[in-house]
1. How many residues does the range 117-143 hold that are surrounded by fewer than 15 Cβ atoms within 10 Å (Cβ to Cβ) and either closer than 21 Å to A67 by Cβ or modelled with pLDDT of 90 or more (or both)?
2. So A195 fits all but one of (1) closer than 16 Å to A42 by Cα; (2) outside any loop (DSSP other than H, G, I, E, B); (3) of a type in the set (G, A, S); what number is the exception?
3. Give the residue, chosen from S90, S82, that is small (G, A, S) and either in a loop (DSSP other than H, G, I, E, B) or without any contact (Cβ under 8 Å) to a residue 60 or more places away in the chain (or both).
4. Among the residues of the range 114-131, is there at least one that is over 17 Å from the mean Cα position of the chain (by Cα), among the charged types (D, E, K, R) and either part of a loop (DSSP other than H, G, I, E, B) or under 27 Å from N45 (Cβ atoms) (or both)?
5. Just checking, how many residues over the range 42-87 are under 16 Å from G250 (Cβ atoms) and either surrounded by fewer than 18 Cβ atoms within 10 Å (Cβ to Cβ) or of a type in the set (F, W, Y) (or both)?
6. Quick check on this structure: which one of F53, F35 is assigned to a loop (DSSP other than H, G, I, E, B), farther than 14 Å from V130 by Cβ, modelled with pLDDT of 95 or more and hydrophobic (A, V, I, L, M, F, W, C)?
7. Restricting to the range 166-191, name every residue that is part of a loop (DSSP other than H, G, I, E, B) and crowded, with 22+ Cβ neighbours inside 10 Å.
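The values are calculated or read from the model by the stated rules, or taken from the named source; none is laboratory data. None of these values were measured; they are calculated from a predicted model. Note: ideal-geometry Cβ built from the backbone for every residue, glycine included; neighbour counts use all protein chains shown.
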Amino acid sequence: MKTKIILIVFLVAAIISCRKEYDPYSNDPNDPDYFYNRPVGASANELLANTKFTSLKIEIQYMTGYAPTSAALTHLQNTLSSLLNKTTISIVTREITPASSTVLNIDQVLEIERNNRTVFTTGTEFGVYVLCTNGFYSDDKTLGAAYRNSSMVLFGKKINDNSGGIGQPGRTKLEATVAEHEFGHLLGLVDVGTAMQTNHKDAAHGSHCNNTNCLMYYTADTQDIFGFLITGNIPSFDANCLADLRANGGK
């Protein structure tokens with residue numbers, strides 16, 4: 001089981017959101033950018049519950065050659081359907097021009113989102129943006145990052161280079177693990193927008209779970225993940241994380 005979570009390795013947390021300059025964060029619900037310009041976890045209840053938003057639309061934009069596998073997207077959609085109180089959860093994909101630089105920092109990821117994102121929160125539908133890049137993050141260990149309340153990035157070249165080969169996890173398994181770990185941060189885990197029902201936060205490693213078998217264990221942010229994913233299933237949220245999500249409006 002330990003091996004199961006040691007596979008989540010390279011996930012991170014925190015960057016940007018949409019159509020214009022987003023600094024500082026918006027705290028005004030009447031601001032049109034309110035749903036895209038808040039910290040990671042700030043929209044946890046809006047994503048989990050059906051009080052304000054009854055549906056979720058996820059826009060996945062991928063750079064040429066780095067489209068996520070259909071199996072990984074199906075697993076993500078099924079996982080979210082089991083957690084969120086939403087009538088519908090849909091995923092749309094679109095290819096975009098590759099970045100000229102294969103090493104991207106947070107500011108560059110934000111600029112790509114500003115120039116390309118088309119799905120936004122409107123009416124009773126909440127919008128989430130996922131970018132799949134053709135390169136690496138400036139921190140070489142990182143596979144993905146949740147940044148701001150409705151935005152996340154998967155570093156496609158890093159994921160591809162570390163999956164599908166001998167002694168490596170399958171690409172679908174690694175993609176789904178990274179995407180679902182980062183979505184867990186958007187849902188407020190651990191203790192960043194969704195309150196803990198029982199203390200299970202790994203104080204030494206920020207917003208992560210202290211259960212080595214949980215999808216939200218901190219090694220999802222480190223290179224130790226690969227050996228972990230070679231065997232077993234895609235990791236899942238443990239009982240404490242699930243209890244937190246239910247208490248904040250989830251199923």
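1. Summing the residues that are surrounded by fewer than 15 Cβ atoms within 10 Å (Cβ to Cβ) and either closer than 21 Å to A67 by Cβ or modelled with pLDDT of 90 or more (or both) in the range 117-143 gives 4.
2. Exception for A195: condition (2).
3. Sole residue among the options that is small (G, A, S) and either in a loop (DSSP other than H, G, I, E, B) or without any contact (Cβ under 8 Å) to a residue 60 or more places away in the chain (or both): S90.
4. Yes, the range 114-131 contains a residue that is over 17 Å from the mean Cα position of the chain (by Cα), among the charged types (D, E, K, R) and either part of a loop (DSSP other than H, G, I, E, B) or under 27 Å from N45 (Cβ atoms) (or both).
5. Qualifying residue count, the range 42-87: 13.
6. Within the list F53, F35, the selection yields F53.
7. Answer for the range 166-191, where residues must be part of a loop (DSSP other than H, G, I, E, B) and crowded, with 22+ Cβ neighbours inside 10 Å: P169, L187, G188, L189, V190.
Here is a yes/no grid of residues against (1) in contact with a Gly (Cβ under 6 Å, 6 or more places away or on another chain); (2) at pLDDT 50 or above:
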residue	(1), (2)
L11	yes, no
S17	no, no
K20	no, no
Y25	no, yes
N30	no, yes
E46	no, yes
